[in-house]
Structures are given as C-alpha cells and as structure tokens.
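Step one of this worksheet: look at the structure below.
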C-alpha cells in the first residue's frame, strides 16, 4: 500500500512539474507573439496621397515601440489592407481582420468616407475603434467605444472644421454679407456643410448658393459659373482632392474673384497637389491641421518629421508629411499609451480609460470629450500667397504659406480680398 502511495505521489509530482513547464512555455510563447493592430488604409485611389503618408508615420511608431521593448512585453505588428479609397471595401476588410486574421485591436483608416462604413462592424463586434481624420461620424451612432483622432473636436466637430475660416472673414471691413456653399455629394462634405450652415447663421451670413455636385464630376467650370452668378462675398468649397484640383483650375480659368475663397478643400494639404497647382493657389484660405510654424512645434513633432522626410522618397509618399504624419503617429501613440496604462488589450477597459485620460502626443496633449471627439479642436486656417512656381522649398519653409488663424497659432494677417493676393 505504501509503495503504491509513493508511486502515485511521484506521478503527481511529475504531472505537476509538466504542467508548470507547459504553463511557462505558454507564457513565453505569448510574450513572443506580437500584439496585432489591424486597419484599412487608402493606398491607391484618390485618397492615396494622404493614406500612404499616414501609413509611413504609423510604421515609424511601430518601430519606435518595438525598439523600446514593445507593449506589455510583446512586440507590435501592424496588419493593414488597401481600401482603394473605396468605402464599399471597408466592411469586408474589417471583417477579415477580426474573423480571419484575428487581430487584437483595430483602428480606423484615413478619412470620413472610410471610417463611417467601418463603424457598424465595430458596433456589432463591440470593438474599440479610433478613427483618423474622420469628421463627426459618430453623431448618429453615439457608439461609446469610438474615438476620433481628428482635429475637428469640441462638442460640434462639424462646426469647428470651418469656424476659423468664418471668424477670419467676419473680421474684415466691410464685413461680408453673403455666402456660397458648394461640395461633393459624399459623407465628408455633407457633414461639413451642416456645420458651415450653423456657423454662417451665427454670423448672420445669407446663403445665396447651397448645392452638391455628383462625386464623378469632371468639368467644374459650369459649377463655378453657377456660384459666380449668385455673386456671394465668400465661397466655402467642400471637396475631395480630385475635385479640389478641378475647382481651383476652373476658378482661375474663369477669372472668378470673390472676396474670400477656400474653407474645406481637401487635397491642398498634400505637397504633390500644391506643387501641381502652384500659383493657381494664391489667395486661397483653407483649413489645415498642422504645419511646422514656430507656433505649432509641439514636443516630438519635428523629430518625427525629420525621420519621416528622408524615407518619403523611397516609399513614394508625400515628401513633407506635414498634414498626415503627425496625426497618423498620434493615433497609435494614444492606443499604445492606453494599453500600457491599463495593462490590457480588452476593448471596453481601454475605452473606459481613454474617456478620462490625457495623452501626451506629437500634436500636444489630447483629451477626449463627447462622442469620442477631441475635447478641444486644433484646426488652423492657412493662406497661400506669392507662389511663383511648383518648387518644393517655398512650401517646405512656409515662405508662401501663412497661418491666418486662430490667434494662438497665427503667423501673419490674411490678404483680403482674394483679388489682392492674386496680383
């Protein structure tokens, strides 16, 4: 009997030791397994210039984190697919990331039109989702696990997008009285136009033209002539990159000269389009989210740009990176800080932390407010002037770009009316 007990005890000890060894091996394997972060990104199509620029900054973040030992003792790996700048591809991409690739976490790709169709998938799967430069996509969903790394923050992000433009316009003498609003019939312009109408109403501006054109529009001359026929003092254009180029060319070909023009023209932040349009840009006042002016040199941002620019040529991305790189890096900085603070990859736990935390990023300190939007917007208005060619250097050193508002970031006064800057 005693011998049988000794044999049983030896067997139990061996099994226990094997279990401990197995557990240690599992823990070790888990530590070597990367934390996988999945997303779609516009790497081809009309949004590719901005999407590829954001991706390079995200790769730099991945390298930075892994050089410091990863997160939670594990390396980080980005898993991404090209959404082709096509919203219809987005639900399938995120379904694949979650169900086939089994990524740990997901974030949003670039732009309102790409983030909006992903949100219902996130809601169904109960996943944390951090959008990138997406305007007010959560205002109808009210999804508590959504956060927006988009400078158009505050309680009404659709208004903060254009507020600076109108604040500048209304400081001029005599004050403008009338407004034209024109944009593409797509998610971003629709959301932005809601804000434009509200802000214009507060300023007592009369809207004399308010129309959307089909997204496939190629000839913008008839649209510009229709706007000009209503004789508005200021014109707010809400367009995507291809439309923006067409609109700028049509305005210059026709010789249209309202008192102030620009507002929400996506694409004028991309270096390639700036160089392509060159002197045609003179006088336009448009939104931007970061430029390397002394007023916007937040800790770490110039170091990021200095690392980004030498790699831009070989990776075929925007050579300057001013528009997308700081925000692409910030998006993952925020996620990484939340993971480290909570010691968790649980979506709900991360979201709970993000609602109240302050994050230190390359665009300054960030807090989130209602609907996951930034508590404080970081939108600036810039004016192009004195451009004589498509040379890169004047855009790089900002000698042809002035921040004209808001006052805390301002580097010079607006040239008004538009006609003065065209001379």
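Nothing in this text is a laboratory measurement; each read-out follows from the coordinates by a stated rule. Model, not experiment: these values are computed from the prediction. As a convention, Cβ positions derive from the backbone with ideal geometry for all residues, glycine included, and neighbour counts pool all protein chains shown.
Using Cα pairs closer than 8 Å and at least 6 residues apart in sequence, work out the relative contact order for the chain, in percent. Before the final figure, lay out the partial values.
Working: 819 pairs, mean separation 75.0, N = 423.
Taking the mean separation of contacting Cα pairs over the length of the chain, I get 18 percent.
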- Query: Given the C-alpha centroids of region 401-423 and region 314-378, what is the distance between them in whole angstrom?
  - Reply: 30
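Within a 10 angstrom radius of the beta carbon, how do 64, 101 rank from fewest other beta carbons to most?
On the way: 64 16, 101 13.
Placing the least packed residue first, the sequence is 101, 64.
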- Give the percent of DSSP beta bridges with both residues in the chain that are antiparallel, rounded to the nearest 5. 25
- Most exposed first by the Cβ proxy, i.e. fewest other Cβ within 10 Å, how do 60, 207 rank? 207, 60
- Considering the Cα trace of region 44-164, what is its radius of gyration and what is Dmax, both in angstroms? 14.9, 44
- Specify the angular offset, from 0 to 90 degrees and rounded to the nearest 10, of the alpha carbon long axis of helix 347-356 from the longest principal axis of the alpha carbons in the chain. 50
- Along each principal axis, Cα extent of region 361-406, largest first, Å: 44, 19, 14
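What shape does region 161-230 take by its C-alpha gyration tensor, where a ≥ b ≥ c are the square roots of the eigenvalues and a/c under 1.5 counts as rounded, a/b above b/c as prolate, and the rest as oblate?
Details: a/c = 2.46, a/b = 1.48, b/c = 1.66.
Because a/c hits 1.5 or more and a/b fails to exceed b/c, region 161-230 counts as oblate.
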- Task: Beta carbons within 10 angstrom, averaged per residue: use that to sort the peptides 179-187, 196-204, 107-115, highest first.
- Result: 107-115, 179-187, 196-204
- Query: What is the P(r) of the chain, as percent of Cα-Cα pairs per 20 Å bin from 0?
  - Reply: 26, 52, 15, 4, 2, 0
- Query: Any idea what diffusion coefficient region 314-423 gets from Stokes-Einstein, in µm²/s, Kirkwood Rh on alpha carbon pairs, 4 °C, 1.567 mPa s?
  - Reply: 76
- Task: Compare the peptides 377-389, 44-56 by average per-residue count of other Cβ atoms within 10 angstrom and give them in order, highest first.
- Result: 44-56, 377-389
- Query: Distance from the Cα centre of region 148-224 to that of region 83-105, in angstrom?
  - Reply: 32
- Under the definition of Cα pairs under 8 Å and six or more residues apart, what whole-number percent is the relative contact order of region 69-134? 30
- Note on the structure: region 100-220: spread of alpha-carbon positions along the three principal axes, whole Å, largest first, is 59, 34, 19
- Length-normalised contact order for region 251-371 - Cα pairs under 8 Å, 6+ apart - percent: 21
- Message: Helix-only estimate, please: 222 nm mean residue ellipticity of the chain, summing -39500 (n - 2.57) across DSSP H runs of length 4 or more and dividing by its residues, to the nearest 500.
- Response: -13500 deg cm²/dmol
